[in-house]
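Here's a structure for you.
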2 protein chains.
Amino acid sequence: MRYFLTGAAGFIGSHLVDRLLAGGHDVVGYDDFSTGQQSFLDMALRNPRFELVRGDVLDDTALCAAMSGCDLVFHLAANADVRFGTENPRKDLEQNTLATFNVLEAMRRNRIRRIAFSSTGSIYGEPEVFPTPERAPFPIQTSLYGASKLACEGLISAYCEGFGFESYIFRFVAILGERYTHGSIVDFVKSLRRDATHLRVLGDGRQRKSYLYVHDCLDAILVAIDKAGDRVNIFNLGTDEYCQVTDSIRWITERLGVKPQLVFTGGERGWIGDSPFIFLDCGRVRSLGWTPGLSIREGVVRTVDYLVQNPWVLDARP
Amino acid sequence: MRYFLTGAAGFIGSHLVDRLLAGGHDVVGYDDFSTGQQSFLDMALRNPRFELVRGDVLDDTALCAAMSGCDLVFHLAANADVRFGTENPRKDLEQNTLATFNVLEAMRRNRIRRIAFSSTGSIYGEPEVFPTPERAPFPIQTSLYGASKLACEGLISAYCEGFGFESYIFRFVAILGERYTHGSIVDFVKSLRRDATHLRVLGDGRQRKSYLYVHDCLDAILVAIDKAGDRVNIFNLGTDEYCQVTDSIRWITERLGVKPQLVFTGGERGWIGDSPFIFLDCGRVRSLGWTPGLSIREGVVRTVDYLVQNPWVLDARP
């Protein structure tokens, strides 16, 4: 098989490149390195079955050319920051919705019909049902990020019906692990490195969140694209637990050996569009035989260890 | 109140302009006349409280300028053809998704916070529950048109959460009545005018569809924006009945006094993305005190009468 990956130099993308190469497949990685890291592909670049194309998913021509001859597209490139949607609403529209349209059109022109897509649990807005199943009541969007991923899912499903595509859509909780470069754990570790006596926490710290270790996430994705047989296959991906923000802070500070005073900004939500409770029902992907290997706590601890060993990550993004 | 309408020269838009003017309001109509008809605004243009701006919703600058000083935006401009999505997928993306983003951004720049939006029952794809309520299980999109309207709904809801907007989202069944210019009734009447002995019917004719008379639709919209008080207010709009395609054909042919032989193209669906059964639960809008005045049959008959009296409509579009 010859796989095409957008966002190949990103956190999840680069791990997936390594896994696919280890499985003996050919891989074409596509990334504009706006947030991706060349160093994540160090191992892949030594493999003759890996081809790296530096390009923008909004560049139709380059994207279409790079995709030629591939069998399945993993579309992982995205603006993955749920927090800053209202600062620049066009970013989610362009980097998520329009980028996904471009990927689908490039696939159509190349007669590639299988796509795997990284969606998000944020798509459920503030759900009424916990754990939230894939067929939860039609949600109301609360973030521009969630809205853009919803638009992508809709496009992908319509291409399945309209053009005979097959799709694997994964609604992730927050993913953790080695090469994790942005999100709350980075923010906390970065802040504690600057000042270990105080830690500013967005919201009241009681938000309940879910996390999944990146290799568990990839196991699930690979099982799903192997075994799922519908035209549109949608899977929640998470563990069967959640934690409070203050739990994750406790695990982080214990691991770092610091005892900061927590300063809460207050309120049920950490930012506009923050969902106070994310907990997904992952029974559907578990029914394919997948189970996560690490608990949330173990995933958080590995992530902290990675960041401590790779402090450059803390400086790599604003 | 000063209202802004995109798609003001369209079927539903022009009726709404007339209704708002009759209610003593100021109205700014915006239309690029790609499908809108100047003649639909004949009455409005004689009213000094009506201002018409010829412009494209994709033209940010013109849109933003035209919207200045308005209190509520009715965003009705759209590519409303569910049937031809796969022929040009970019059309739904641009004229629906991107246009709606532009409308929201123009509102934000003008500090206008209330939007009413024409969505569609097609957003439910092929639902499992009939009549389908607004909180039906998270649907899978089956048409590019539905997918684009889903994207619009998501954007609007996210703007409500992110920027304090209030929205009224209406998921229409097919709307009928005077000034109806495209859709199956036009297609049937046009075809019968050419040849009254045969009528080609897409699918097996047993598709179950819902229709609503345009003035009933507008009554519901005006009641909803007056009474609904949530940040995001979503309403199905339809009658509490449905009919088969062959029922509507019988009513049309009886009214026209013709007896064509029906030629079915076959299959459960008339085209790619056609939903074989559309029947919405409209209990939510009914709970505000609205009821439709005309049955589906009465709406079909009025539409046929309108088309017979205005044969130019049959030639106005391909």
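The values are calculated or read from the model by the stated rules, or taken from the named source; none is laboratory data. Everything numeric here is computed off the predicted structure, so don't read it as measured data. Cβ coordinates were reconstructed from backbone atoms using ideal geometry, including for glycine residues, and neighbour counts include every protein chain displayed.
What are the residues in the stretch B:277-287 that are in a loop (DSSP other than H, G, I, E, B) and either surrounded by fewer than 16 Cβ atoms within 10 Å (Cβ to Cβ) or away from every other protein chain (no Cβ under 13 Å) (or both), if any?
Restricting attention to the stretch B:277-287, the residues satisfying the condition of being in a loop (DSSP other than H, G, I, E, B) are B:278-279, B:281-282, B:287.
Scanning the stretch B:277-287 gives B:ILE278, B:PHE279, B:CYS282, B:SER287.
Given A:LEU212, A:LEU222, which one is at negative phi, away from chain B (no Cβ under 14 Å), outside any strand (DSSP E or B) and at pLDDT 95 or above? Before you say what the answer is, go through the steps one by one.
Working: A:LEU212 fails: outside any strand (DSSP E or B).
Going through A:LEU212, A:LEU222 in turn, the sole match is A:LEU222.
Quick one: which strands (runs of 3 or more DSSP E) sit completely within the stretch B:85-196 and have at least 3 residues that are modelled with pLDDT of 95 or more and within 12 Å of chain A (Cβ to nearest Cβ)?
Fully inside the stretch B:85-196 and qualifying: B:166-172.
What are the residues in the stretch A:39-59 that are within 18 Å of the chain's Cα centre (by Cα) and more than 23 Å from A:MET107 (Cα to Cα), if any?
Of the residues in the stretch A:39-59, the ones within 18 Å of the chain's Cα centre (by Cα) are A:40-41, A:57.
Selection gives A:PHE40, A:LEU41.
Then there's this: Of (1) away from chain B (no Cβ under 14 Å); (2) over 20 Å from A:CYS282 (Cα atoms), A:TYR242 satisfies all except one. Which?
Exception for A:TYR242: condition (2).
Is it the case, given these coordinates, that A:ALA78 is of a type in the set (A, V, I, L, M), surrounded by fewer than 16 Cβ atoms within 10 Å (Cβ to Cβ) and more than 14 Å from chain B (Cβ to nearest Cβ)?
On the way: of a type in the set (A, V, I, L, M): yes; surrounded by fewer than 16 Cβ atoms within 10 Å (Cβ to Cβ): no; more than 14 Å from chain B (Cβ to nearest Cβ): yes.
The answer is no for A:ALA78.
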